[in-house]
Amino acid sequence: MFVIRLGWMIVPLLFLLSCSRPLTCPPEGFGPQPVVSTKQGYSFSTGVLPENRSAFLPLENPADAYAARLWLVDHAAESLDVQYYIFKDDRIGNDFLYHLLQAADRGVQVRLLLDDLTTTDKDTNWAMVSCHPRIEVKIFNPNPWRRFLRNVALILDIETLGKRMHNKALVADGRAAIVGGRNIGDEYYLPESPVMFIDADILAVGAVVPEISEAFEIYWRSEESIKAEKILDGAFTPESFARTLQNFRQINETFEASDTFETIERSAFMDAARRGTLKFTLADRAWFYYDLPQKVSTSKRDNETHLSSRIREDIEKTRESLILVSPYFIPSGPMLERLKAARKRGVDITVVTNSLASTDVAVVYSGYRKYIEPLLKMGVRLYEVKPMQFEKKGLKRRERRQRRMSLHTKLIIADNDRLIMGSANIDPRSVKLNTEYLLEIASKPLTTEVTNSLKKVMDLDHLYRLAWEKYPRWAANGDDDFYGPVWITREKNETVRYYRPPGVGFFKRLGIGLFGLLPLEGQL
């Protein structure tokens, strides 16, 4: 009884602690900001696009992907709409925010829409830029206890706070946009990060960009997007504000003088952009699909807010080949049935996903693992990415071992003439819980280009090929009927077979087995 009474005393106290005081900017703010557009206009060599047509440039290399973002921000003349699921407090996160601040200084209107799952560590910076007269920041689906007991609140209200805005988009002047799988953080762009994500984005110009802008506008004006000044707390004095701004600028000036940033400055994208020789591919058609923001506040069974029907249509109209690349792959329920139907039509299906050793979210593997057998038995070619380690001179052996690459690309190639890219994985979370963006492009040349890039790593040096085979250990003991998954790869120029998930220890495999017994799939 005492514990219950104590709980009722503590809960209101925690609630009061979690409440934010209104953000107060110094009277001067950033001071008078002259509109001086020193960088504007895009030297994209697309020529005059035909009406209702769009052109695209894939961004596979991480240095190119960040360089393209900086190019759009640094050359924007009027507006920047920025929407991300994760915006980290690291070198890339701070540098990107620094460039947004510079754009606002020269007169560009900046709108920054962020999911609230990982924002707290960066609150000081969000508060600082929110004081800029030409920067607006909104937080999507904010956690009411975001400063205290954030994770406890998430567990207690998983039905609401467990649904997140997973979208990623950058739109400049309503004329050019980047969408895809990358968030803002070191691991998406810098090879010296402990984990380097293999990811993909695409730069779009033309008729599809207003569609992306419209989707951003819907999210920006939704009830789920709350002005940052209503959430962030604290009061800047003129002195504290000037000190915060000065420290922020010094940190980023140091980063931009580093060898790491020099790699971005010398990237193939940046070189071609300066020369005006970027090669866009004109598409026959392009469609932009998006979940409605109300998806996070309505029942997960309410399909009216979902874009998942678009994926269903694409799979159902595929007749020859289907390549699915998804780092988190759980083809539960209807998706598995659609894949079965496609195989019955004679569609050749290839799936590429993370191995247990390469994934950054190991619990997802527990949901995927039970689908290995039905996928292989229906004739799906199933591959898992090896935990490729990449080295950097000067690192100790232990540091080199910790460095690995993990698949983060979300990509579908259908019949070699339709390319689908965006933020959505093929898993229950993307279908039912998170909001997502998807860009579908009808273009055989572009699809061929992306397919050829994918084929360069579609070998046993980079992947495990899975098969359903007889286990020789049990066959040697007289049990000829014991079959299971086999991971086939190449090591030191020899073909090797593994009869358990390779590259991980006993306890990790045990943990995944135990997680597989829990009813977690709907949250994965």
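May I ask you to list the residues in the stretch 64-86 that are aliphatic (A, V, I, L, M), closer than 19 Å to residue 422 by Cα and open to solvent by 10 Å² or more (accessible area, probe 1.4 Å)?
Across the stretch 64-86, the qualifying residue is only 86.
Which residues, taken from the stretch 87-104, are touching a residue at least 60 places away in the same chain (Cβ under 8 Å), outside any helix (DSSP H, G or I) and surrounded by fewer than 22 Cβ atoms within 10 Å (Cβ to Cβ)?
88, 90
Considering the stretch 273-302 alone, what residues qualify as being in a helix (DSSP H, G or I) and out of contact with any Ser or Thr (no Cβ under 7 Å at 6 or more places or on another chain)? Step through it out loud before you land on a result.
Start the filter on the stretch 273-302 by keeping residues that are in a helix (DSSP H, G or I), which leaves 273-275, 293-296.
Selection gives 274, 275.
Condition first: open to solvent by 20 Å² or more (accessible area, probe 1.4 Å), β-branched (Val, Ile, Thr) and touching a Phe, Trp or Tyr at 6+ places or on another chain (Cβ under 9 Å). Can you find one or more residues in the stretch 105-122 that meet it? Reasoning before the result, please.
Looking only at the stretch 105-122, we keep the residues that are open to solvent by 20 Å² or more (accessible area, probe 1.4 Å), and these are 105, 109, 111, 117-118, 120-121.
Subset that is β-branched (Val, Ile, Thr): 118, 120.
From the residues that got through so far, the ones that are touching a Phe, Trp or Tyr at 6+ places or on another chain (Cβ under 9 Å) too are 118.
Yes: the stretch 105-122 contains one or more residues that are open to solvent by 20 Å² or more (accessible area, probe 1.4 Å), β-branched (Val, Ile, Thr) and touching a Phe, Trp or Tyr at 6+ places or on another chain (Cβ under 9 Å).
What's the number of the condition residue 308 fails, among (1) small (Gly, Ala, Ser); (2) at pLDDT below 85; (3) surrounded by fewer than 16 Cβ atoms within 10 Å (Cβ to Cβ)?
(3)
In this structure, is residue 114 assigned to a loop (DSSP other than H, G, I, E, B), on the phi < 0 side of the Ramachandran plot, of a type in the set (A, V, I, L, M, F, W, C) and touching a strand residue (DSSP E or B) at 6+ places or on another chain (Cβ under 8 Å)? Spell out how you get there, then give the answer.
Values: assigned to a loop (DSSP other than H, G, I, E, B): no; on the phi < 0 side of the Ramachandran plot: yes; of a type in the set (A, V, I, L, M, F, W, C): yes; touching a strand residue (DSSP E or B) at 6+ places or on another chain (Cβ under 8 Å): yes.
No: the conditions fail for residue 114.
Can you tell me how many residues within the stretch 336-354 are open to solvent by less than 30 Å² (accessible area, probe 1.4 Å) and under 15 Å from residue 376 (Cα atoms)? Spell out the reasoning first.
Our first condition is that a residue be open to solvent by less than 30 Å² (accessible area, probe 1.4 Å); within the stretch 336-354, this holds for 336, 339, 342, 347, 349-354.
Narrowing further to those that are under 15 Å from residue 376 (Cα atoms): 336, 339, 342, 347, 349-353.
Residues flagged as open to solvent by less than 30 Å² (accessible area, probe 1.4 Å) and under 15 Å from residue 376 (Cα atoms) within the stretch 336-354 amount to 9.
Using beta carbons and a limit of 7 Å, which pairs, at least six apart or on different chains, have the first residue in the stretch 446-469 and open to solvent by 50 Å² or more (accessible area, probe 1.4 Å) and the second one at pLDDT below 90?
These pairs meet every condition: 462/388; 468/483.
Checking residue 476 against (1) open to solvent by 30 Å² or more (accessible area, probe 1.4 Å); (2) modelled with pLDDT of 95 or more, only one condition comes out false. Which one?
(2)
Taking the condition of being more than 21 Å from residue 138 (Cβ to Cβ) and either among the β-branched types (Val, Ile, Thr) or open to solvent by less than 40 Å² (accessible area, probe 1.4 Å) (or both), how many residues in the stretch 230-240 meet it?
Residues in the stretch 230-240 being more than 21 Å from residue 138 (Cβ to Cβ) and either among the β-branched types (Val, Ile, Thr) or open to solvent by less than 40 Å² (accessible area, probe 1.4 Å) (or both): 2 in total.
When only residues in the stretch 248-272 that are assigned to a helix (DSSP H, G or I) and of a type in the set (A, V, I, L, M) count, which is nearest to the chain's Cα centre (by Cα)? Can you show your working first?
So in the stretch 248-272, the residues assigned to a helix (DSSP H, G or I) come out as 248-255, 259-265, 268-272.
From the residues that got through so far, the ones that are of a type in the set (A, V, I, L, M) too are 251, 264, 268, 270, 272.
Details: 251: 26, 264: 20, 268: 23, 270: 22, 272: 26 Å.
Looking at residues that are assigned to a helix (DSSP H, G or I) and of a type in the set (A, V, I, L, M), I get 264.
From the list 496, 486, 431, which one is open to solvent by 50 Å² or more (accessible area, probe 1.4 Å), β-branched (Val, Ile, Thr) and not in a loop (DSSP other than H, G, I, E, B)?
Values: 496 fails: open to solvent by 50 Å² or more (accessible area, probe 1.4 Å); 486 fails: open to solvent by 50 Å² or more (accessible area, probe 1.4 Å).
Of 496, 486, 431, the one residue that is open to solvent by 50 Å² or more (accessible area, probe 1.4 Å), β-branched (Val, Ile, Thr) and not in a loop (DSSP other than H, G, I, E, B) is 431.
Residue 318 versus (1) buried (at least 17 other Cβ atoms within 10 Å of the Cβ); (2) at pLDDT 95 or above; (3) polar (S, T, N, Q): which is the lone unmet condition?
Every listed condition holds for residue 318 apart from (2).
For the stretch 262-284, state whether one or more residues are farther than 22 Å from residue 69 by Cα, surrounded by 14 or more Cβ atoms within 10 Å (Cβ to Cβ), in contact (Cβ under 8 Å) with a residue 12 or more places away in the chain and not small (Gly, Ala, Ser).
Of the residues in the stretch 262-284, the ones farther than 22 Å from residue 69 by Cα are 284.
Next, only the ones that are surrounded by 14 or more Cβ atoms within 10 Å (Cβ to Cβ) stay: 284.
Still in the running and in contact (Cβ under 8 Å) with a residue 12 or more places away in the chain: 284.
In the following step, the residues that additionally are not small (Gly, Ala, Ser) were identified as 284.
Yes: the stretch 262-284 contains one or more residues that are farther than 22 Å from residue 69 by Cα, surrounded by 14 or more Cβ atoms within 10 Å (Cβ to Cβ), in contact (Cβ under 8 Å) with a residue 12 or more places away in the chain and not small (Gly, Ala, Ser).
I need the full set of residues from the stretch 413-428 which are within 16 Å of residue 287 (Cβ to Cβ) and within 15 Å of the chain's Cα centre (by Cα), in order please. It would help to see each step written out before you state the result.
Filtering the stretch 413-428 for residues within 16 Å of residue 287 (Cβ to Cβ) gives 413-415, 417-424.
Of everything in the stretch 413-428, those that are within 16 Å of residue 287 (Cβ to Cβ) and within 15 Å of the chain's Cα centre (by Cα) turn out to be 420, 421, 422, 423, 424.
Identify the single condition in (1) without any contact (Cβ under 8 Å) to a residue 40 or more places away in the chain; (2) outside any loop (DSSP other than H, G, I, E, B); (3) touching a helix residue (DSSP H, G or I) at 6+ places or on another chain (Cβ under 8 Å) that residue 337 does not satisfy, given that it satisfies every other one.
The single condition residue 337 does not satisfy is (3).
For the stretch 407-428, enumerate the residues that are assigned to a strand (DSSP E or B), under 27 Å from residue 159 (Cα atoms) and of a type in the set (A, V, I, L, M). If you could, list the steps in order and put the result at the bottom.
Initial filter on the stretch 407-428 (assigned to a strand (DSSP E or B)): 407, 411-414, 418-422, 426.
Add one more test, that the residue is under 27 Å from residue 159 (Cα atoms), and what stays is 422, 426.
Passing the criteria: only 426.
Please tell me if residue 147 is modelled with pLDDT under 95, among the basic types (Lys, Arg) and in contact with a helix residue (DSSP H, G or I) (Cβ under 6 Å, 6 or more places away or on another chain).
Values: modelled with pLDDT under 95: yes; among the basic types (Lys, Arg): yes; in contact with a helix residue (DSSP H, G or I) (Cβ under 6 Å, 6 or more places away or on another chain): yes.
Yes: the conditions hold for residue 147.
Taking residue 245 as meeting all but one of (1) in contact with an Asp or Glu (Cβ under 9 Å, 6 or more places away or on another chain); (2) not in a loop (DSSP other than H, G, I, E, B), write down the number of the exception.
(1)
Keeping to the stretch 434-445, report how many residues are part of a loop (DSSP other than H, G, I, E, B) and either hydroxyl-bearing (Ser, Thr, Tyr) or without any contact (Cβ under 8 Å) to a residue 24 or more places away in the chain (or both). Full working, then the answer.
If we filter the stretch 434-445 for residues that are part of a loop (DSSP other than H, G, I, E, B), which is where we start, we get 434, 436, 443.
After this cut, where a residue has to be either hydroxyl-bearing (Ser, Thr, Tyr) or without any contact (Cβ under 8 Å) to a residue 24 or more places away in the chain (or both) as well, the list is 443.
So the count comes out to 1.
The values are calculated or read from the model by the stated rules, or taken from the named source; none is laboratory data. As the structure is a computational prediction, the values presented were derived from the model and not from experiment. Glycine also receives a Cβ, built like all others from the backbone with ideal geometry; neighbour counts cover every protein chain displayed. In case anyone asks, the SASA skips ligands and DNA or RNA and just uses the protein heavy atoms, side chains included. Shrake-Rupley method; radii C 1.70, N 1.55, O 1.52, S 1.80 Å.
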